[in-house]
Amino acid sequence: NVPVLELQNVSIAYDSSAGMVHAVNDVSLKIYENTIVGLIGESGSGKSTLGNAIMHLLKNNAVLTSGTIKVMGKDVYSMSKNDLRKFRWSQMSMVFQSAMNALNPVLTIEEQILDVYLSHDKRMSKKEAKKKAIELMDIVSIDPRYLKSYPHELSGGMRQRVVIAIAIALDPKLVIMDEPTTALDVVVQRSILDKIKEIQRVKKYAILFISHDFSLVSELASKVAIMYAGRFIEVTDSSSLDQADRHHPYTQGLLKAIPHLTAEDVTIEGIPGNPPNLVDLPSGCAYHPRCPHAFHLCKKERPEIREVEGRDIQCHLYETVQN
Ligand code: ATP
Ligand code: SF4
Ligand code: MG
């Protein structure tokens, strides 16, 4: 059983005037078919960088400094340009952050969808592609008459559905969704999430769902990777998230930051302090300047990954307490 996505010790840095920005640091993960894995972290923690890297669509100043990225067992970084072009969208696809505003304003929805089919399958007739476009609209619950519309004639929620439709047009095995609902209001957000769930159930995709919203991810995903300063400081089953203890201190902080709607008062507690500077990362555990549990070792040594009750946690607390 080959994982749909396999990340092995992946690190990515941007070359910037301020120095190397270490956006992703030594992350490993496997995602199998028919599973949704959430990727969560504060703004700037490296989520989009990782997503773009999987698609082999990093910015020009970014370098994969170490590790391998395999999709369906194939190393994405050792494919020829031509193979990669065929592989992208047909085997792996991505809903990019803010993608609904990136639809081509001068092309109709139909033209943009036909382009996906016709550019990947030279033998497909236009008639066949049009038929598929109608089916696709049906899957994302948009009236096919909107195929003749331009993006500005659609609401934000509909544009986002179109973007999702384009991502699944060729039935890829892996779909990366980068904050697919963030810009939308709560009601529209909910209907898009339900749609994603429904499509996933039918198509059995492996989905990497990127978000900064813990409550949303824990509802959708079976497993969650929590990213801090480019590292997966914890990878855990979502089901474990309703108990706040026995998690990484940063995870605990994020869990506390979820508004508790069941409580009498709705309280939202942010995590004090600022995200680290990725050019000059703090020594040892990168979380130590903000961690309420930090002790002498934290500043000196970086914690290794350790399995704690089925969770992969990078924190010295669990090493010392357990031994
Ligand atoms: P958000 O939640 O805001 O989308 P993110 O977790 O997706 O954040 P990334 O966009 O991956 O974060 O950025 C990770 C880090 O890399 C940030 O510190 C960002 O400033 C930096 N970065 C992103 N793109 C570039 C670039 N082209 N050149 C230099 N640094 C960059
Ligand atoms: Fe906090 Fe230390 Fe654990 Fe880092 S290693 S999370 S600083 S206790
Ligand atoms: Mg992002």
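The values are calculated or read from the model by the stated rules, or taken from the named source; none is laboratory data. What you see is a predicted model, and the numbers here were worked out from it, not measured in a lab. Positions of Cβ are generated from backbone atoms using ideal geometry, with glycine treated the same way; all protein chains shown enter the neighbour counts. Protein only, heavy atoms only, side chains kept; ligands, DNA and RNA dropped before computing areas. Shrake-Rupley method; radii C 1.70, N 1.55, O 1.52, S 1.80 Å.
With a cut-off of at most 14 other beta carbons within 10 Å, and DSSP calling the residue loop, which trypsin sites (Lys or Arg not before Pro) in the range 90-154 qualify? Please list them.
Passing both the DSSP loop test and the Cβ count: 122, 123.
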Backbone N under 12 Å from the residue 2 label point (7 Å along Cα→Cβ), restricted to the range 185-224: none
Provide the net charge surrounding residue 307, with neighbours chosen by a C-beta distance below 13 Å and charges set as Lys +1, Arg +1, Asp -1, Glu -1. -3
Run lengths n ≥ 4 of DSSP H only: what is the helix-derived mean residue ellipticity at 222 nm for the chain, with -39500 (n - 2.57) per run over all residues, to the nearest 500? -9500 deg cm²/dmol
Amide H to amide H under 5 Å from residue 205: which residues, 5+ apart in sequence or cross-chain, H placed 1.01 Å off N in plane? 34
How high is the FRET efficiency between residue 104 and residue 305 when r is their beta carbon distance and R₀ equals 51 Å, given to the nearest 0.05? 0.75
Work out, step by step, the length gained on full extension between residue 257 and residue 78: first 0.36 nm times the residue separation, then minus their alpha carbon distance; give nm to one decimal. 60.3 nm
Checking the range 282-323 for chymotrypsin sites (Phe, Trp or Tyr not before Pro) in a loop per DSSP with at most 11 other beta-carbon atoms within 10 Å yields 295
If you average the sequence gap of Cα pairs under 8 Å that are 6 or more apart and divide by the length of the chain, what percent do you get for the contact order? 21 percent
At a 1.4 Å probe radius, which order do 173, 299 fall into by accessible area, largest first? 299, 173
Pop a pseudo-label 7 angstrom from the Cα along the beta-carbon direction at both residue 215 and residue 130 and give the gap in nm to one decimal. 4.6 nm
Contour minus Cα-Cα distance for residue 152 and residue 115 (0.36 nm per residue): 11.4 nm
